[in-house]
Every structure is written in C-alpha cells, then in structure tokens.
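The values are calculated or read from the model by the stated rules, or taken from the named source; none is laboratory data. All of these numbers come straight from a predicted model, not from anything done at the bench. Note that we place each Cβ from the backbone using ideal geometry, even for glycine, and neighbour counts take in every protein chain shown. Surface areas here come from the heavy atoms of the whole protein model, side chains and all, with no ligands, DNA or RNA. Shrake-Rupley method; radii C 1.70, N 1.55, O 1.52, S 1.80 Å.
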Amino acid sequence: MKKRETLFDCIEAFLFSAALSIGNLFCLITAFKIPVDAGALAWSCIFAAAICAFVFAKDKIRITKIAVFLILTAVLMLYNRQTIRDGFWIAARRVGDVYSEGYQWHIDFGSAASSGFGNATGFMAAVGVLICAVSAWSVCGKHQLWVLCAVSAALLVPCLLVMDYPPAVWAVVLLTVTYAMLLLTQSRRKAGAGGRHGLAAGLLIPVLAAALVAVAVLNPAEYVRSKRMEDFSERFRQEIQKYFVIRQNQSTGMFDFVSPLTASTLGTYAWNSDTGEVDLSGLGPQMKDGRHVMDVSFPRSGPLYLRGNALGKYSDNGWHAFDENDYGGITVPDKVWETVLQTESEVKVLTGRRSEVMYLPYVPTSLPEGAAPYFDAYVKNTGGTLDYTVPVSVTAQYMDIWSNTEAYDNFVWEYFTQVPDETRDALEDIVSELTDICAETGRPETEVVREYVMNSARYSLNTSRMPEGEEFVSWFLNESDTGYCVHFATSAAVLLRCMGVPARYVNGYMVNSDAGKWTEVTQDNAHAWVEYYSAGYGWHMLEVTPSSGDGETGDPEYEPELTEQEPRPENEVNADTENREEEDKREDTQKEPEEEKKENSILLRIIIPILIAAAVIVLWNVGARRIRRRILNRGTTNERAIAHYRHSVFMSRLRRESVPEEIEEIALKARFSQHVTDGEELGRITAYTKELTDALLSDGNVLMRLVYRFIFAL
C-alpha cells in the first residue's frame, strides 16, 4: 500500500512539474517572442519533470538521490555553461528590446550580449529544470506553495508590465488549471489523507472545463485594446521613473536604489510624520536613527531651513491643520509662497525618495515645476518630483512689502491668534510678566517671547512625556526642565498668540550647509520652529530652540552674502522654447500607430494578477513573521525589551490606545540606563505584546482581522 501511495505521489509530482515548467516558460516565451526550439524545450521539461519526481519521491534513499541529482545537474550546467550563457543574453536582449519599445527606455547590454546568436533553448531548459525541482519538492514533500509561487511570479511579472505582449492563451490556461488543482488539493496533500489522488483526478475535468468556458465566454481572440490600455505604457514609464530609480547620495557619492516601499521625506517622528496634526500629549523621548532623507546644495554656508508644513489650529494639546471650510473661500496671496524680489541664489534639493511635500527654503522667488500650494500651509509635490531647484531671495522676509491683502490679513488675525480659554488661564501670569517687559523696555513681543522660551528649559531629546491632565505649554514652561524643538516652538507660538501676535507652528528640516557643496539631510535634522505674521510684510520665521551644543539648531539672523546672477537673454529662452516645441512635434509625427494585437487576453489581466497577488501576500507573511521573530528573540534582555516595546507601540497605534506607563518605563530603563532587564520585566513586556496581538486578531470586524493577519503579518 505504501509503495502504491509513493508511486501515485511520484506520478502526481511528474504531472504538476511538467505542467508548471511548460506553462511558466511558454508564458514568458510567447509574451516576448523569445526564439527557442519549442519541441526540444517541451521534451526537456517533460524529461526533467520525470527525473525530479523520481528524485524527490519519499523513500529510504531520498537524500542520496537528491545529492546525486544536484551534483549531476551542476556538472551538466557547468559543461553547457556557454550555451546557457548565450541563451540568457538572447532572452535578456529580447526582453530589453520589448521594454525599450514599449516604455522608451534605453537598455544596452553592450558586448556581453554580442555573442548571443541562435536561440535561448539552453537557458530556458536550465530554468525549466529549476521549476521542475521546486515543483516536485513542493508536491512530494507536502510543503507550502509559496516558493513555487515566487518562482512563477518572477517569470510572470515581466509579462504583466507590457500589456501589448500577452502570453499565448494555451499557456495561461495550462498554468491556471495547474495552480487551481494544486490549491484545491493542498490541504489533503499536506495531511497525507487518503483519496487525495482520486480527488485530483476528479477535479481535473471540472477545472479544465471551467477554464475553457472562461476562454469561450471572454473570447480573447476578439478582444480590442482599450484607450486606457493604450495609455498604460506612458503612465507606467512615468511612474517607474518617479519611484524605481538609482539615485546618488551627493554627500557620500554612494548610489541607492529607491522603490515604492522607501519611506517618504516626511519624518518618522510622531510630530513630523503627518501634515494634518501633531499630538503633543503623546510626546516622549526621541531616538536618533540617522536615516538619509535628502541632499541639498546652497552657495553659502550657514543654517538652512527647509520649510515643510505649517499648522495653525491649537486645541486639545495638539496642533491641527485648517480645512477648506476654515479658509472660507479667501484667496491666499501669492506672496505667501513667492516673492517679487530679485533672485539672489538658489537651493538644489535631491530627495532620492518619494516626496509628498516640497521642502522650500526662505523665500522662493518662484516655485518648482509640479508644486501646488495647499492654501498657506504647505506645498504639495503633485508631480512626484525627486529633485528640484528653488531660486530664493534671502532678504525677502525682511524687505518684501505686501499690499492688497486685506481679506487674508483679517483671516490671519482672526484664526492665528486663537488660544483655548483653559490655556490662556494657565498662562495668564507668564503673559502678564512678558507684557510688562515689552511695555517697560519697548522691545517687540517676538524678541521677548523668544528670549523667555529659550531660557525656560535645557535642550534634550530625552524629555519625558507630559503627565495626563496637564496643559502642554503650561507644563513645559512651569514644570519641565528639558524639551526639544516641538516643546519650544509650541510654547513660543502660543505665548505670541496670547500677546496678540498671529503665530503658527512649522516643521521641516534644518541643516548647516557648506557653501557650494552637497549637504546630507537626515531624520536627525528634523526640526520645528515658529512663524509670526507682520502686517504689510507677511510671515517671518522665528527660531526659539536653544542650541544643544552639537549644532542641531542655529540662529537664523545672519547677514546674507548677496550674489547677483546674470539674467538670461530673452531671445535665448525663446529659442529653447521653440526648439522644444519642434522636437515634440517631430516625436508626435514619428509615432507610428500601433497594431491592435487580438491575442491580448483578458485572462492575463484577471487570473494571473490574482495568483501573483496571492503569492506576494504569502511571501510577505512568511518573511515578515520570520524577521520579526528574529528581532524580538535576538540579543540581550535589554535589546529584546526595546524590540518588544517598539512592536507594542506599533500595535497600540492600530488600536488607538496608549502604551501603559509601566511598559514604557521598562523600555526607557532598558534603553537609557545601566539597568539590566530581568526575566520578570521581560516577561511583562512580552505578555503585553502578545495581549495586543491577540486583541487585534480577535477584532469584531472580519475585514480588519484579515488586514492585521495578512497585511500587517501579525
């Protein structure tokens, strides 16, 4: 009986391996028209499937068979390495030609591909052996299918990126039927249940019939490519240039690969990761991570402030953005973002990662291409631009005179002086003291508030969280001995408002630039400051954070070194414009109408993406969980406690609750003191992590449970 089961396992592995290898390979081959000897390749796949099924079938000499198989395969590939190499370059050159044609890329394989004549049968056969081995290993060993799905995804994803070159319908049907059979019989096969082979045989006809009916109903031979699909190539090319690029770190000279998974230029701290709000009640100790954000170049040395986002509504111990209803249809003056004064110099910004917000120096004379101001709060990067140049006038915020801004002035004086009553009451004594100083000395409110706030506490990132029930500004000014930029900027803005000066909270980055050189901006350069409004002159920045002693903050009040730039002749500009228009016209006339390819299959756009999405989700879950387990269980007890705390903070945010103080205390001691976390403390923080995980996975909302399980890989 056991031998019979082994025989059936072997036959099943042979059929699945042959079908998967032929289906995968010919999807790629027929999509890109790769030259191969189809008959020889198909028989090679069948032969390899038979060998692999025999090798991976479970018996007493299985390990020996696998070892011999691997040795012989390595010897054969080494012996035929020239054929395989030539086949690889032939296939690569063909794929490159298709992509170059479809997306206007320039892919040059150079001399490496010059020897590739004939066909790619040898290389494709080697890939077929790999697919057969993985397939037989998965089926005979009753393993998960994620490895097999990953191999298929690697071959099919290139097909999906060029919709003009779909695989042959028969190859798609073969692959779809095979994967459907594998998925439907996987549970019985893993459990080793009896009748699994009969189930597979019984499902074959219905699954094949369903696939054929789908082909008949959808009728891919009569499918006409839609206008939306005609635009796909151009859209994809544009997006790929935004997100998949090789960018050089100008300050180090190293090259980095940037992908859609790369974090944006928005910060990773709680106070600079959102353009909509800053929750001050949850602020606690901050850790430096040195994450590279962008590179900037400025033709003069000194502190360079890159303005990101301004928040103007202060309530409930937090800063919030105004919505469209608050603005009430007023027109924000252009001078909020651009000055009419002459350009004195320019700042070059190279983000190298997705930039939802453009970071602008003070004060632009014009905005970069793709910039779209959101009222007076921030500038959206609608074009996904990764590098841009901003012409600036350094003296504009002191010399530019605003006019015809009555409506905006009224809005500013109404909204940017608002402070909650409880906050005013808590700060009444301080405001009275500062008002008296202004009256006695004649000094402006901004100068008095700046001096008071800067002397109110020491700068330290290791500032504890505000106790519950406190008012943030009052607590910082009266009780806290330390603070960082958020504390100082918030306190100054609120005090100015209490004294009748319109003010708002601004975050971005501050870096000390080196004249004419690229300067690296990291997450450690994230900063917050104040802008106050002066009638007739607009918004002015005000630095209120004291220096930490290591150059993290700087005094913006320096004398600019003005350098006049020679204006570009108007006729030269017009000539460039005319040349660009002529080139665009030539490109339009040279574009030949593309032939409608009736072989384009709807199956490709529906079934295969679903299979690939499932494979990606499985791969993500397996990889994410393994990495997380390794991080949580590696290192000293202190390191493990910190890792568990970070994971619990992430999950508590999903549940919209705060981490208990006792858990936070354990993590802070583990991070900032000489204390060695004992087993009891580690057990408490580990138990809390498990409690959060269980709570999320038992959420009453079925959709959210699926998200937590498969997207967040809990």
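Report, by residue number, each residue of region 496-518 that is within 32 Å of the chain's Cα centre (by Cα) and open to solvent by 20 Å² or more (accessible area, probe 1.4 Å).
Just the residues of region 496-518 that are within 32 Å of the chain's Cα centre (by Cα), to begin with: 504-518.
Scanning region 496-518 gives N512, D514, A515, G516, K517, W518.
Tally time: how many residues in region 535-548 are in a strand (DSSP E or B) and under 12 Å from V506 (Cα atoms)?
Matching residues across region 535-548 total 4.
Here are the criteria: (1) in a helix (DSSP H, G or I); (2) surrounded by 13 or more Cβ atoms within 10 Å (Cβ to Cβ). Tell me which single one S464 does not satisfy.
All conditions are met except number (1).
Could you please find all residues in region 445-469 being closer than 15 Å to L427 by Cα and touching a residue at least 40 places away in the same chain (Cβ under 8 Å)?
V449, Y452, V453
Any residue in region 341-352 that is in a strand (DSSP E or B) and modelled with pLDDT of 80 or more sitting within a Cβ distance under 6 Å of a residue that is open to solvent by less than 40 Å² (accessible area, probe 1.4 Å) and of a type outside the set (A, V, I, L, M, F, W, C)? List the pairs, counting only those 6 or more apart or interchain.
E346/P391; V347/P361; K348/S297; V349/Y388; L350/D295
Given the conditions (1) at negative phi; (2) at pLDDT 90 or above; (3) out of contact with any Pro (no Cβ under 6 Å at 6 or more places or on another chain), and given that F375 satisfies all but one, which numbered condition is not satisfied?
It is condition (1) that F375 fails.
What pairs come up if the first residue lies in region 480-494 and is open to solvent by 10 Å² or more (accessible area, probe 1.4 Å), the second is part of a strand (DSSP E or B), and their beta carbons are under 8 Å apart, counting only those six or more places apart or on different chains?
Note: pairs meeting the criteria are D481/R458; T482/R458; T482/Y459.
Looking at this structure, is L350 closer than 24 Å to S547 by Cα and out of contact with any helix residue (DSSP H, G or I) (no Cβ under 8 Å at 6 or more places or on another chain)? Spell out how you get there, then give the answer.
Values: closer than 24 Å to S547 by Cα: no; out of contact with any helix residue (DSSP H, G or I) (no Cβ under 8 Å at 6 or more places or on another chain): yes.
Here the answer is no, as L350 does not meet what is asked.
Looking at V169, V127, which is the one that is open to solvent by 10 Å² or more (accessible area, probe 1.4 Å), at pLDDT 70 or above and within 34 Å of the chain's Cα centre (by Cα)?
Answer to the selection: V127.
How many of the residues in region 302-314 are out of contact with any helix residue (DSSP H, G or I) (no Cβ under 9 Å at 6 or more places or on another chain) and more than 16 Å from W539 (Cβ to Cβ)?
3
Scan region 64-80 residue by residue and report those that are open to solvent by 90 Å² or more (accessible area, probe 1.4 Å) and under 10 Å from A126 (Cα atoms).
Listed by number, the list holds a single entry, L76.
Rundown of residues vs (1) basic (K, R); (2) under 17 Å from F416 (Cβ atoms), yes/no style:
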residue: V296; (1), (2): no, no
residue: R307; (1), (2): yes, yes
residue: A310; (1), (2): no, yes
residue: Y314; (1), (2): no, yes
residue: P361; (1), (2): no, no
residue: L367; (1), (2): no, no
residue: A371; (1), (2): no, no
residue: F375; (1), (2): no, yes
residue: Y378; (1), (2): no, yes
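Counting residues that are open to solvent by less than 90 Å² (accessible area, probe 1.4 Å), touching a residue at least 12 places away in the same chain (Cβ under 8 Å) and under 13 Å from I642 (Cα atoms), which helices (runs of 4 or more DSSP H) fully inside region 652-710 reach at least 3? Write out each step before concluding.
Values: elements: 661-672, 679-697, 702-706.
In region 652-710, 661-672, 679-697 are the helices (runs of 4 or more DSSP H) which contain 3 or more residues that are open to solvent by less than 90 Å² (accessible area, probe 1.4 Å), touching a residue at least 12 places away in the same chain (Cβ under 8 Å) and under 13 Å from I642 (Cα atoms).
Working carefully through the options Y388, Y398, find the one that is assigned to a helix (DSSP H, G or I) and at pLDDT below 95.
The unique qualifying residue is Y398.
For the subset of region 401-417 comprising residues that are outside any helix (DSSP H, G or I) and touching a strand residue (DSSP E or B) at 6+ places or on another chain (Cβ under 7 Å), which member is surrounded by the fewest Cβ atoms within 10 Å (Cβ to Cβ)?
W402
Which one of the conditions (1) in contact with a Lys or Arg (Cβ under 9 Å, 6 or more places away or on another chain); (2) in a helix (DSSP H, G or I); (3) among the hydroxyl-bearing types (S, T, Y) does Y532 fail to meet, given that it meets all the rest?
Failed condition: (2).
Hey, among I631, I610, I606, which residue is modelled with pLDDT of 60 or more, farther than 28 Å from A667 by Cα, among the β-branched types (V, I, T) and surrounded by fewer than 17 Cβ atoms within 10 Å (Cβ to Cβ)?
Matching residue, one of I631, I610, I606: I610.
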